[in-house]
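Report on one structure; see the data block that follows.
The values are calculated or read from the model by the stated rules, or taken from the named source; none is laboratory data. Given the structure is predicted, the values throughout are model-derived calculations rather than measurements. With ideal geometry, Cβ positions are generated from the backbone for all residues, glycine too; neighbour counts draw on all protein chains shown. Protein only, heavy atoms only, side chains kept; ligands, DNA and RNA dropped before computing areas. Shrake-Rupley method; radii C 1.70, N 1.55, O 1.52, S 1.80 Å.
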Amino acid sequence: GENVEQHPSTLSVQEGDSAVIKCTYSDSASNYFPWYKQELGKRPQLIIDIRSNVGEKKDQRIAVTLNKTAKHFSLHITETQPEDSAVYFCAASKHGGATNKLIFGTGTLLAVQP
Amino acid sequence: EPEVTQTPSHQVTQMGQEVILRCVPISNHLYFYWYRQILGQKVEFLVSFYNNEISEKSEIFDDQFSVERPDGSNFTLKIRSTKLEDSAMYFCASSAGFNQPQHFGDGTRLSIL
């Protein structure tokens with residue numbers, strides 16, 4: 001069935017360092033890949049997304065890369081700040097087909113140490 | 001920035017009772033969703049809703065669950081005969097179109113005793 005694997009489950013970095021979170025999806029028909037940031041007790045907040053016709057997308061300190069052949073996509077956060085600390089979820093979806101449900105990864109707890 | 005709003009923020013209910021979780025999607029959005037997140041686990045899709053009918057549902061969304069858009073603004077999730085394992089955070093989401101990003105509400109924490 002559809003599945004999204006996410007690694008690592010926890011990530012601790014020093015303030016100013018970069019953080020990379022990786023996801024792998026199983027359904028080759030997936031074509032939309034959003035990333036959500038969830039602070040403790042809060043809603044998942046969309047921070048960046050990428051569609052399969054693009055290999056990379058950047059928005060200030062965050063970027064997402066997609067390798068369709070390997071069915072991998074990654075979130076890159078540069079110059080991390082303490083306020084980046086949160087759980088990050090990747091997700092995959094098949095836009096344009098009969099479904100647009102999001103299949104989420106298991107989440108990565110990012111801790112940025114000041 | 002428009003937001004999805006959910007009420008209540010926390011609902012405590014005795015096992016076997018019925019609960020209704022309420023959501024107000026972003027006003028110009030046409031697609032509505034419910035997801036749930038059991039404590040410490042991933043977010044799971046429950047159901048999607050468009051044009052006043054269910055467009056897709058997961059295996060979790062069995063006869064115990066139902067959704068409704070009773071008026072032009074609210075979108076509700078009803079859970080009948082609640083069980084202990086229904087305890088979770090329930091998130092409502094909405095999107096402007098089928099291929100558009102989904103925006104989540106703050107969630108309702110449902111605790112079944």
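Results, tabulated for the structure shown:
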| read-out | value |
| --- | --- |
| In region A:80-99, residue nearest to the other protein chains (Cβ to nearest Cβ) [restricted to those that are more than 24 Å from A:Gly41 (Cα to Cα) and touching a residue at least 60 places away in the same chain (Cβ under 8 Å)] | A:His95 |
| Matching residues in region B:1-43 - criterion: being under 11 Å from the mean Cα position of the chain (by Cα) and charged (D, E, K, R) | B:Arg22, B:Arg36 |
| Those residues of region B:70-111 which are within 14 Å of chain A (Cβ to nearest Cβ), open to solvent by 40 Å² or more (accessible area, probe 1.4 Å) and either part of a loop (DSSP other than H, G, I, E, B) or in contact with a Gly (Cβ under 8 Å, 6 or more places away or on another chain) (or both), in sequence order | B:Ala96, B:Phe98, B:Asn99, B:Gln100, B:Asp106 |
| Test set (1) away from chain A (no Cβ under 13 Å); (2) closer than 14 Å to A:Lys101 by Cα; (3) among the basic types (Lys, Arg) - B:Lys57 fails condition number | (1) |
| Near pairs, Cβ below 9 angstrom, 6+ apart or cross-chain, from region A:50-79 (open to solvent by 80 Å² or more (accessible area, probe 1.4 Å)) to any residue that is small (Gly, Ala, Ser) | A:Glu56/A:Ala63; A:Lys57/A:Ala63; A:Lys68/A:Ser28; A:Lys68/A:Ser52; A:Lys68/A:Gly55; A:Glu79/A:Gly16; A:Glu79/A:Ser18 |
| Meets criteria (out of contact with any helix residue (DSSP H, G or I) (no Cβ under 8 Å at 6 or more places or on another chain), at pLDDT 95 or above and open to solvent by less than 40 Å² (accessible area, probe 1.4 Å)) for A:Asp27 | no |
| All strands (runs of 3 or more DSSP E) inside chain A with 2 or more residues being among the hydroxyl-bearing types (Ser, Thr, Tyr) and in contact with a strand residue (DSSP E or B) (Cβ under 6 Å, 6 or more places away or on another chain) | A:10-14, A:19-25, A:32-38 |
| The one condition in (1) outside any strand (DSSP E or B); (2) more than 10 Å from chain A (Cβ to nearest Cβ); (3) not polar (S, T, N, Q) that B:Val67 fails to fulfil | (1) |
| Filter pass, B:Glu44 being among the charged types (D, E, K, R), open to solvent by 20 Å² or more (accessible area, probe 1.4 Å) and not in a helix (DSSP H, G or I) | yes |
| Filter pass, B:Gly16 being modelled with pLDDT of 95 or more, surrounded by fewer than 16 Cβ atoms within 10 Å (Cβ to Cβ) and either in contact with a strand residue (DSSP E or B) (Cβ under 9 Å, 6 or more places away or on another chain) or part of a loop (DSSP other than H, G, I, E, B) (or both) | yes |
